[in-house]
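Everything on this sheet refers to the single structure shown next.
A short reminder: the numbers here are calculations on the coordinates, not readings from a lab. Here the structure is a predicted model, which is why all the values come from computation and not from measurement. For neighbour counting, all protein chains shown are included, and Cβ atoms are generated from backbone atoms with ideal geometry for every residue, glycine included.
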Amino acid sequence: MSQNPPKNVAVIGAGPAGLVAARELQREGHNVVVFERENQVGGTWIYNPATDSDPMGVDPSRKIVHSSLYSPLRINLPREIMGFRDYPFVATKKPDRDPRRFPGHKEVLDYLNDFAVEFGLIELVRFGNEVGYVGFLEDGKWKVCSRKRESDDVVFVNEEEYDAVVICNGCHTQPRIADDIPGIEVWPGKQIHSHNYRIPEPFRDQVIVVIGNAASAIDISREIAKVSKAVHISSRSALSGSTPKKQNGYENLWLHSMLEAVGIDGGVNFQDGSKVYADIILHCTGYKYHFPFLETNGIVFVDDNHVGPLYKHIFPPTFTPSLSFVGLPWKRGAAFPRCELQSKWIAGVLSGRISLPSKEDMNADIDAFYSSLDASCIPKRYTHNLDFQLDYEDWLAAECGSSPPEEWRKQMWIIARDKIKTQPVIYRDLWDDDDLTIQAHQDFAKYIPDLAQSQNDQHDFYGKCGMYYS
């Protein structure tokens, strides 16, 4: 296949998706500029103790803090499968690093900085530059307007044209809230979205209702249970006819069915028939996809958290291949290597090394996908929730001409998913699948051969990898 000339590509965001997109685009020979509103790389992995001026994150005039990290957060996947495929997320002996298999958020940020330095990505990033407008031009290029604040009074505005735009601005800043609760407008207590949760201390001696039961809700509930009077989790997974269930290891942590209504007396009624009087409702209800800078005359839209129309969650057919998205699919899975495969595909398509179906065929594929969601009664908001994400990654790898994700990665992910469900309190510190660990390290040795002189000398290999597990 003939190669196209190198493209001038704007990448929006220098988080994990933006960094790996920049690397893959550069590897393919394209000219890359990364726009990053913060002053460092890392995206959602940059911890900020400050929070939005509006604790629910819905006031459009609020002061926005883009980080959603809470202080005690640890990753919920083994580091071996979380890292990029050819840049293993191994522990290191560097000072102030976290060698645990499930490290805290700072270790992830350090890893991303290491990645950016290793592949010369820092010089591609325009720090402190926020993109305010991305629009399609008649000649097929994209107009990108950005602004950089030089001081409190001076804002530098820049306007440029690019052959392509890759949107990697993440999806953990704009809160989704449960706004359909009867009586919520007169409920007198405090409401907060998990985006603005940082530490448990403000919840001391309070009665808390947590809406949601995904990974962050579980973590936060168990943290605040250590200081609060009681925590009541409202979950879709609990049957409406069931009774409240006390959670193992806690005297003040309860699982309920979904909320039914709240009242002016401070009461919170659940569908299981129980009622509590709460001080705070904590919305652990996820986030909205948000692209306020993108102008496509309605061709690309966000409707009930469904971004569309997109071929394989990446390319809008009307603007293919000059507009693409990285990092939209979500589920309990390893996002970094998935973003890596998406980025490889985008970079190869832009260079002409990889071909896409016709626009008609892409639209037909999108229609068939949407029809399958409708037939399964899956709401729009779950469009990018991939139940079959391992199949998706295999498909991407095949399109890129890359080897599929290693089998040990898949096994580790399946085991981690099960441990999260069955051992939510202790799974991060109890892991005994040594065979998988050894296989992972052997595969790491393919990329870093000096780490393992002999696969028979496993002890020496573990030490050189910096993997210290008790």
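Cross-link check: pairs K63/K94; K359/K410; K246/K421; K63/K421; K148/K190; K63/K148 evaluated at a Cα-Cα cut-off of 26 Å; pairs beyond the cut-off: K63/K94; K359/K410; K63/K421; K148/K190. Comparing Y197, W254, V186 along the charge dipole axis of the range 177-283, the residue lying farthest to the positive side is W254, per the Cβ-charge model.
What does the C-alpha gyration tensor say about the overall shape of the range 177-283? Classify as rounded when a/c is under 1.5, otherwise prolate if a/b is larger than b/c, or oblate.
Cα axes put the range 177-283 in the rounded bin.
Once each of the GluC sites (Glu not before Pro) sitting in a DSSP loop with at most 14 other beta-carbon atoms within 10 Å is removed, the chain keeps 252-470 as its longest stretch. When I415, I192 are arranged by Cβ crowding within 10 Å, least crowded first, meaning fewest neighbours, the order is I415, I192.
For the range 177-283, give the share of DSSP beta bridges that are antiparallel, in percent and rounded to the nearest 5; count only bridges with both residues there. Don't jump to the answer; show the numbers that get you there.
Numbers: 8 of 25 bridges.
Close to 30 percent.
Placing +1 on the Cβ of every Lys and Arg and -1 on the Cβ of every Asp and Glu, with no other charges, gives the chain a dipole of roughly 860 debye about its Cα centre.
Normalised by the residues of the chain, what does the relative contact order come to in percent, with Cα pairs under 8 Å and at least six apart?
Relative contact order here is 18 percent.
Among the DSSP helices (H) of the chain, none spans at least 27 angstrom by Cα along its long axis with an average Kyte-Doolittle hydropathy of 1.6 or more; this is a geometric and hydropathy rule only. Inter-part distance, the range 34-64 to the range 281-358, computed on C-alpha centroids, equals 21 Å. Segment V186..D304, full-extension length gain: 39.9 nm, with 0.36 nm per residue of separation and the alpha-carbon distance subtracted. Projected label points at L137 and K421, each 7 Å from Cα along the beta carbon direction, are separated by 5.2 nanometres.
Do the sum for the chain: with -39,500 (n - 2.57) for every DSSP H run of n ≥ 4, divided by all residues, what is the mean residue ellipticity at 222 nm, to the nearest 500 deg cm²/dmol? Don't jump to the answer; show the numbers that get you there.
Working: 10 runs with 124 residues, N = 470.
Counting only the DSSP helices, I get -8500 deg cm²/dmol.
Net charge dipole, the range 114-166: roughly 120 debye, given to the nearest 20, about the Cα centre with Cβ charges of +1 for Lys and Arg and -1 for Asp and Glu.
Computed from the Cβ-Cβ distance with R0 of 56 Å, the FRET efficiency linking I264 to K94 stands at 0.50. Summing charges over neighbours of H306, with a neighbour being any other residue whose Cβ is under 11 Å away from its Cβ, gives +1 when K and R count +1 and D and E count -1. In the chain, the DSSP beta bridges split such that about 45 percent are antiparallel, to the nearest 5.
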